[in-house]
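Here is the structure we will look at.
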Amino acid sequence: MANTLQQHKYNIAIAATGVVVGFVAAKLLNSKNPPLPPSVPELNDKPHPVPKPKVEPKNEEESVYETQKYVNEYLLLHYGEADEVLRHSFVPMDSLEFPRRVGKECLDAYKSVDKISRANNKRQSEMICESRSKLPNRAFDVGCGLGRTTFELAREFEECIGLEKSQSFVDACNELKQNGEMTYHVCEEGDVHSTYKAKIDPEIDRSRTKFIQGDACNLSSDLGQFSCVVAANLICRLPNPYKFLERLPHLVAPGGLLVLTTPCTWLTQFTPKKYWLGGHYDQNGKPVTTFETLKRILGPNFILIEEKNMRFFIRETARKNQWVVTQATIWRRR
Ligand SMILES: C[S@@+](CC[C@H](N)C(=O)[O-])C[C@H]1O[C@@H](n2cnc3c(N)ncnc32)[C@H](O)[C@@H]1O
């Protein structure tokens, strides 16, 4: 009996200690996380107007361009007005409308095809006799993104194919083709977004364009030949750029044009190192540039006409932008 009483007292003592420890712990916790002062406003948890991606990303490497964030950022890159992209007077305005400028480079080079032929013949370095009238009236924009360059090419070419790996991008291109415009949302900061409208110039005949989903490294064999093939900032996003480059002599008609731009941002996330065209050292320890490799691979079938820098902005938020200097090369098929 005395033992039972002793045990009972002992239990009560343990329980009481537990209550005291719990109370002290709660006090300590509370002092570490004091209640929010009344000046911190309640968050508005109402859903903001940014739509969910149509295609959910499967993994980071493969699906980076499938997310709605990228669709919005690329809509702004392709169609944004100056005051929508850049809010500050001190930023370089000549970095805007990159995909429109790529289209213009293609069209300008195409319009000088006859001049280039004459110049080449004069120097007797090459015999490229094709005049514009003999070339197929078709253009191909590989990795077309949100389609601005494809639409610009339709100012001149009767058939313009834009090929994209991302189904979300193809869907957006088709919406632009069908309606001539598309609403999208751009991040200002955090959850706050502005709503803009991408518009295609009404002077462009949108029925000349066709957007298809596909893989630049595994292009279908029945695409035919084009007067102009353009791949803007594509090659360093490919799992095997050599496979794409191998197809180019078949895709560009003799006398036709190839326009490549690349920021040479080689990343193993997209391209295994063994397929990097540049940005590595050769067996003798000499640095290899993308440009050198392009000249080596394309040289037998293409003449380099021009190499130049092209600038552009990709706006992430109102205060964070990527400023890129991409290397553009224009080639003529032998
Ligand atoms: C850096 S973005 C450039 C987009 C556009 N040409 C421009 O200048 O804004 C690269 C594009 O290539 C596409 N792409 C990546 N891998 C591809 C592949 N294997 N075949 C076709 N397109 C691909 C991406 O979805 C993305 O739209």
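Within the set of pairs 6 or more residues apart or between chains, which connect a residue that is within 20 Å of D191 (Cα to Cα) inside the range 316-334 to a residue that is in a loop (DSSP other than H, G, I, E, B) and among the aliphatic types (A, V, I, L, M) with Cβ atoms less than 8 Å apart?
Partner pairs satisfying both residue conditions: N321/L86; N321/V91.
Could you list all residues from the range 134-176 that are surrounded by fewer than 22 Cβ atoms within 10 Å (Cβ to Cβ), part of a helix (DSSP H, G or I) and more than 11 Å from the ligand (Cβ to nearest atom)?
K134, D171, N174, E175
Considering only the range 181-207, state which residues are surrounded by 15 or more Cβ atoms within 10 Å (Cβ to Cβ) and among the small types (G, A, S). Steps first, answer last, please.
Taking the range 181-207 and keeping what is surrounded by 15 or more Cβ atoms within 10 Å (Cβ to Cβ), we get 182, 184-187, 193, 196, 198, 200, 204, 206.
A198, the sole residue that qualifies.
Where residues in the range 208-242 are away from the ligand (no atom under 16 Å from the Cβ), surrounded by fewer than 22 Cβ atoms within 10 Å (Cβ to Cβ) and in contact (Cβ under 8 Å) with a residue 24 or more places away in the chain, which of them is nearest to I297 (Cα to Cα)?
Step by step, filter the range 208-242, then rank; the result is Q225.
Please work out which residue is modelled with the lowest pLDDT, limiting yourself to the range 47-84 and to residues that are of a type in the set (A, V, I, L, M, F, W, C) and away from the ligand (no atom under 13 Å from the Cβ).
The initial filter retains those residues of the range 47-84 that are of a type in the set (A, V, I, L, M, F, W, C), namely 50, 55, 64, 71, 75-77, 82.
With the extra rule that they be away from the ligand (no atom under 13 Å from the Cβ), the set shrinks to 50, 82.
Working: V50: 51, A82: 86.
Across the range 47-84, the extreme among qualifying residues is V50.
When you go through (1) without any contact (Cβ under 8 Å) to a residue 60 or more places away in the chain; (2) in contact with a strand residue (DSSP E or B) (Cβ under 6 Å, 6 or more places away or on another chain); (3) aliphatic (A, V, I, L, M) one by one for L260, which number turns out not to apply?
(1) is the only condition that L260 fails.
Could you please find all residues in the range 85-108 being closer than 24 Å to V229 by Cα and more than 16 Å from the ligand (Cβ to nearest atom)? Break it down stepwise before answering.
Going through the range 85-108, the residues closer than 24 Å to V229 by Cα turn out to be 95-108.
Of everything in the range 85-108, just one residue is closer than 24 Å to V229 by Cα and more than 16 Å from the ligand (Cβ to nearest atom), namely D108.
Please verify whether the range 274-286 includes one or more residues that are exposed (fewer than 15 other Cβ atoms within 10 Å of the Cβ) and part of a helix (DSSP H, G or I). Can you show your working first?
Applying the first criterion (exposed (fewer than 15 other Cβ atoms within 10 Å of the Cβ)) to the range 274-286 yields 274, 280-286.
Retained after the next criterion (residues that are part of a helix (DSSP H, G or I)): 274.
Scanning the range 274-286, I find at least one residue that is exposed (fewer than 15 other Cβ atoms within 10 Å of the Cβ) and part of a helix (DSSP H, G or I), so the answer is yes.
When you check P263 against the structure, is it modelled with pLDDT of 95 or more and surrounded by fewer than 22 Cβ atoms within 10 Å (Cβ to Cβ), yes or no?
Values: modelled with pLDDT of 95 or more: yes; surrounded by fewer than 22 Cβ atoms within 10 Å (Cβ to Cβ): yes.
Yes: the conditions hold for P263.
May I ask you to say which residue of T271, T317 is more than 28 Å from F151 (Cα to Cα) and either away from the ligand (no atom under 16 Å from the Cβ) or out of contact with any strand residue (DSSP E or B) (no Cβ under 7 Å at 6 or more places or on another chain) (or both)? Let's see the steps before the verdict.
On the way: T317 fails: more than 28 Å from F151 (Cα to Cα).
After ruling out the rest, the residue left standing is T271.
If you go through the range 292-314 one residue at a time, do you hit one that is touching a helix residue (DSSP H, G or I) at 6+ places or on another chain (Cβ under 6 Å) and in a loop (DSSP other than H, G, I, E, B)? Let's see the steps before the verdict.
Filtering the range 292-314 down to residues touching a helix residue (DSSP H, G or I) at 6+ places or on another chain (Cβ under 6 Å) leaves 297, 301, 311-314.
Now narrow it down to the ones that are in a loop (DSSP other than H, G, I, E, B): 301.
Yes, the conditions are met somewhere in the range 292-314.
Could you please let me know if V230 is closer than 22 Å to E105 by Cα, among the β-branched types (V, I, T) and in contact with a helix residue (DSSP H, G or I) (Cβ under 6 Å, 6 or more places away or on another chain)? Steps first, answer last, please.
Details: closer than 22 Å to E105 by Cα: yes; among the β-branched types (V, I, T): yes; in contact with a helix residue (DSSP H, G or I) (Cβ under 6 Å, 6 or more places away or on another chain): yes.
It is true that V230 is closer than 22 Å to E105 by Cα, among the β-branched types (V, I, T) and in contact with a helix residue (DSSP H, G or I) (Cβ under 6 Å, 6 or more places away or on another chain).
With the condition kept exactly as written, say whether any residue in the range 210-217 is closer than 29 Å to F313 by Cβ, in contact with a strand residue (DSSP E or B) (Cβ under 7 Å, 6 or more places away or on another chain), of a type in the set (A, V, I, L, M) and assigned to a strand (DSSP E or B). Explain how you work it out, then say what you get.
Narrowing the range 210-217 to residues closer than 29 Å to F313 by Cβ: 210-217.
Filter once more, so that each one left must be in contact with a strand residue (DSSP E or B) (Cβ under 7 Å, 6 or more places away or on another chain): 210-214, 216.
Among the residues that remain, those that are also of a type in the set (A, V, I, L, M) are: 212, 216.
Still in the list and also assigned to a strand (DSSP E or B): 212.
Yes, because at least one residue in the range 210-217 is closer than 29 Å to F313 by Cβ, in contact with a strand residue (DSSP E or B) (Cβ under 7 Å, 6 or more places away or on another chain), of a type in the set (A, V, I, L, M) and assigned to a strand (DSSP E or B).
Would you check if there is a residue in the range 300-322 being of a type outside the set (K, R) and at positive phi? Break it down into steps so the answer makes sense when it comes.
Within the range 300-322, the first condition is being of a type outside the set (K, R), and the residues that meet it are 300-307, 309-310, 312-314, 316-318, 321-322.
From what's left, at positive phi: none.
Within the range 300-322 (the criterion being of a type outside the set (K, R) and at positive phi), the answer is no, since none of the residues qualifies.
Could you please find all residues in the range 243-261 being in contact with a Leu (Cβ under 8 Å, 6 or more places away or on another chain) and either more than 9 Å from the ligand (Cβ to nearest atom) or of a type in the set (G, A, S) (or both)?
Going through the range 243-261, the residues in contact with a Leu (Cβ under 8 Å, 6 or more places away or on another chain) turn out to be 244-245, 247-248, 251-253, 255-256, 258, 260.
Listed by number, the residues that qualify are L245, R247, L248, L251, V252, A253, G255, G256, L258, L260.
Which numbered condition in (1) under 21 Å from G255 (Cβ atoms); (2) away from the ligand (no atom under 12 Å from the Cβ) is the only one that K199 fails?
All conditions pass for K199, except number (1).
When you go through (1) in a helix (DSSP H, G or I); (2) hydrophobic (A, V, I, L, M, F, W, C); (3) touching a helix residue (DSSP H, G or I) at 6+ places or on another chain (Cβ under 6 Å) one by one for C264, which number turns out not to apply?
Exception for C264: condition (1).
Is the range 173-181 home to any residue that is within 22 Å of A139 (Cα to Cα), without any contact (Cβ under 8 Å) to a residue 24 or more places away in the chain and within 21 Å of the chain's Cα centre (by Cα)?
For the range 173-181, residues within 22 Å of A139 (Cα to Cα), without any contact (Cβ under 8 Å) to a residue 24 or more places away in the chain and within 21 Å of the chain's Cα centre (by Cα): present.
Among the residues of the range 117-132, is any aliphatic (A, V, I, L, M) and at pLDDT 95 or above? Reasoning before the result, please.
Taking the range 117-132 and keeping what is aliphatic (A, V, I, L, M), we get 119, 127-128.
If we keep only those that are at pLDDT 95 or above as well, we get none.
No, the range 117-132 contains no residue that is aliphatic (A, V, I, L, M) and at pLDDT 95 or above.
The values are calculated or read from the model by the stated rules, or taken from the named source; none is laboratory data. For clarity, every value in this text was computed on a predicted model and none was experimentally measured. Please note: Cβ atoms are built from the backbone with ideal geometry, for glycine as well, and neighbour counts cover all protein chains shown.
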